[in-house]
1. Among all residue pairs at least 6 apart or on different chains, which show Cβ distances below 7 Å where the first residue, located in region 288-308, is charged (D, E, K, R) and the second is surrounded by 14 or more Cβ atoms within 10 Å (Cβ to Cβ)?
2. Consider region 63-79. How many of its residues are modelled with pLDDT under 85 and either surrounded by 14 or more Cβ atoms within 10 Å (Cβ to Cβ) or not acidic (Asp, Glu) (or both)?
3. Helices (runs of 4 or more DSSP H) wholly in region 107-187 with at least 1 residues that are in contact (Cβ under 8 Å) with a residue 24 or more places away in the chain and surrounded by 11 or more Cβ atoms within 10 Å (Cβ to Cβ) - which ones?
4. Mind telling me which of the residues LEU214, LEU159 ends up being modelled with pLDDT of 85 or more and over 26 Å from ARG136 (Cα atoms)?
5. For residues that are loosely packed, with under 15 Cβ neighbours inside 10 Å and either in contact with a helix residue (DSSP H, G or I) (Cβ under 6 Å, 6 or more places away or on another chain) or among the hydroxyl-bearing types (Ser, Thr, Tyr) (or both), tally how many sit in region 82-100.
6. For LEU282, all conditions in the list (1) closer than 17 Å to ILE107 by Cβ; (2) open to solvent by 10 Å² or more (accessible area, probe 1.4 Å); (3) touching a residue at least 24 places away in the same chain (Cβ under 8 Å) hold save one; what is the number of the exception?
Amino acid sequence: MTTDTTTQTPEAAATAPPGPTPEKKRATQGHRRLLTRRDRITLGLMAGVPTVLHVALVWVTAIASIFLAFTTWDGIGFDSIKWVGLDNFKQLFNDNPQFWPAVQHNIIWFVVLILIPTPFGLFLAVQLDKKIRFSRLYQTAFFLPVVISMACIGFVWQLVYNPDTGLINSIIGANKPGHYIDWIGNPHLNLWAVLIAASWRHTGYMMILYLAGLKSVDPSLREASALDGANEWQTFKSVIFPTLRPTNTVVLVVTIIEALRAFDLVFVFNKGAQGTELLSILVTNNIIGESSRIGYGSAIAVVLLVISLAVIIPYLIATFRKERRA
């Protein structure tokens, strides 16, 4: 019977003193100091610069516009600012022949967008949600006008509406002398011509919003409806569309905002003259136009701001209430 004995050197036999090892101390100190001074400066710049720009370019200018709406100013020197109270608004509502037509055109803009491209965008979304072949290609094709700037869209549709070489006049044979149809210059046609171009872009926007809403619908609802014997239209009308209520709210708010901020397309077409007056065009013409009536233009901008807030604030209140309930 043999017994094995283990011989240890004095260095190996020495036991480590109690407490954390140097490696653990370094790790602990590293965890305590999460951000270096350079990191703090970098984060401060990344968060501070956008915040300062946002406050300066959005909030300061909005507050300044509200103040200037009650003044008269030609934009040359702050000494020329004169307080006039509600005179700008009185003149706007009573004496400006372009104001109420502009309001009417903005309302027409909203009605057309909500009645034509919005249902058509919903129809496209429903079809693409069926996982048909080349679905990605169709989505890209319909959404492409949304990512193109409105100015480029305006230039494209100017070529379409050109009286001499335009696509529409060439098709219907109205590009001959004496038979021209001036889609942009005719005050009875130009607003509707612009709305067709706006609807072309808005359709793709609505398609993407509704497609995102349809993707969030629980598939078990469709299965239960099919088991009950409902056809495709009945399933959509009674099951799918009611679940799109949050999406419908977003679509409504987005369409109203699009109608109120419409500017680029009209400005490219004919600068908002001869039947295409809009509130945004009046703001631009008075503030940076030849007259340079900054106070009067600010009053129109305030009216546009009030109309926008009247739509946005109820939407935000309803959204916050739903979040609290959830």
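The values are calculated or read from the model by the stated rules, or taken from the named source; none is laboratory data. Since the structure is predicted, the reported quantities are computational estimates derived from the model, not experimental observations. Every residue, glycine among them, receives a Cβ derived from its backbone with ideal geometry; neighbour counts consider all protein chains shown. Heavy atoms of the whole protein, side chains included, go into the accessibility calculation; ligands, DNA and RNA do not. Shrake-Rupley method; radii C 1.70, N 1.55, O 1.52, S 1.80 Å.
1. Between residues of region 288-308 that are charged (D, E, K, R) and residues that are surrounded by 14 or more Cβ atoms within 10 Å (Cβ to Cβ), the close pairs are ARG293/ASN286.
2. Number satisfying all stated conditions: 4.
3. On the way: elements: 117-128, 135-147, 150-160, 167-172.
In region 107-187, the matching helices (runs of 4 or more DSSP H) lie at 117-128, 135-147, 150-160.
4. The unique qualifying residue is LEU159.
5. Summing the residues that are loosely packed, with under 15 Cβ neighbours inside 10 Å and either in contact with a helix residue (DSSP H, G or I) (Cβ under 6 Å, 6 or more places away or on another chain) or among the hydroxyl-bearing types (Ser, Thr, Tyr) (or both) in region 82-100 gives 0.
6. The failed condition is (2).
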